[in-house]
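The values are calculated or read from the model by the stated rules, or taken from the named source; none is laboratory data. Everything numeric here is computed off the predicted structure, so don't read it as measured data. Cβ placement follows ideal geometry from the backbone for every residue including glycine, while neighbour counts extend to all protein chains displayed. Calculation scope for accessible area: heavy atoms of the full protein, side chains included, ligands and nucleic acids excluded. Shrake-Rupley method; radii C 1.70, N 1.55, O 1.52, S 1.80 Å.
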Amino acid sequence: MAMNRVQFQPGLSMPEFLQQFGTEAQCEAALETARWPRGFVCPRCGGGARTSFVRAGLRYWECADCAHQCSLISGTMFEATKLSLTIWFLAMQLLTQAKNNVSALELRRQIGVSYRTAWLMKHKIMESMRLREEPRELDGRVEMDDAYLGGERSGGKRGRGSENKVPIVAAVQTTPEGKPVVACLRQQPHTEQEVAVFAASHLATSASVITDGLWCFQATAIIGASHERVVTGGGRASVELPQFKAINTLLGNLKTAISGTYHAFGFAKYAHRYLAEFQYRFNRRFNMRTLLTRLLHAMAAAPASPERALRCAEIHR
Ligand SMILES: [Zn+2]
């Protein structure tokens, strides 16, 4: 069974993690390899290194062509951090190897930093995941649906939850037999125009889309993907239809993960990033052992994202 393949695979155990990434020198070497696998490349002009030196505990490289000076972390998602890389790696290990989502509050407890620091680390990691998943395209057999997430009361007044409900569109590429392969989730209104943007961005024209949503059906028609609209009338009946098993399972797992980990308001404001985290992990669920290294590459390739940019709630497109 697919679930067993995920649950029983060997991950990166904590002793193995500590052996590989337990010291600052090991983490620096891993980041350097991830960022510059063939040696320093100047981020400004693409030139090679003239020299490297250590200043205030940080190693810098100087470009042979344009004299630009660059540290290992500048221009990456780690830019300007005051934390040691060992703490960052520990956070990345926890966020990739835990069975369920790890909230900023839990991260704070586990690695012993302030809540604000834990929140920033978590959002920088999620933003790197989002950037990696942004060009995701599904092909072949695709189950697609729209849904609402969140909206549960988070200690506020009665009935206030609904304003935090987040409309999303979800699609899962499956095998011809209906086993889930990869997924794509987007926070967006359920209008025909917006769903058409989703389809144009994330569905190959050769995809064969199965949906019971009217908007989804019309939108996929716009991009020219072949489609099959199954009229279910919604409710319990649609959950039981075998045509929608993969998408319904995915949405069920997503709702459980989110309601168990995040407060409704926090989720609504940063839903695009929480969805990307879920999608990133889902799409790599068969490769637990390499998840940390892959995430390191994503963090090295992502541009620096200061706190004010991360706290801006706009949806990036
Ligand atoms: Zn240069």
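Among the residues of segment 45-67, those that are within 14 Å of the ligand (Cβ to nearest atom) and open to solvent by 40 Å² or more (accessible area, probe 1.4 Å) comprise C45, G46, A49, R50, T51, S52, Y60, A64, D65, C66, A67. Taking the listed residues E106, E79, E127, the one that is away from the ligand (no atom under 16 Å from the Cβ) and buried (at least 18 other Cβ atoms within 10 Å of the Cβ) is E127, with no other qualifying. The number of residues in segment 192-229 being outside any helix (DSSP H, G or I) and open to solvent by less than 20 Å² (accessible area, probe 1.4 Å) comes to 8.
From the list Q7, Q19, the one residue that fits, being surrounded by fewer than 14 Cβ atoms within 10 Å (Cβ to Cβ), under 25 Å from the mean Cα position of the chain (by Cα) and at negative phi, is Q7.
Filtering segment 296-317 to residues that are at pLDDT 90 or above, open to solvent by 10 Å² or more (accessible area, probe 1.4 Å) and closer than 14 Å to Y274 by Cα leaves only R311.
Any residue that is within 16 Å of the ligand (Cβ to nearest atom), free of Cβ contacts under 8 Å to residues at least 40 places away in the same chain, in contact with a Phe, Trp or Tyr (Cβ under 8 Å, 6 or more places away or on another chain) and farther than 21 Å from I111 by Cβ - is there at least one of those in segment 15-37?
no
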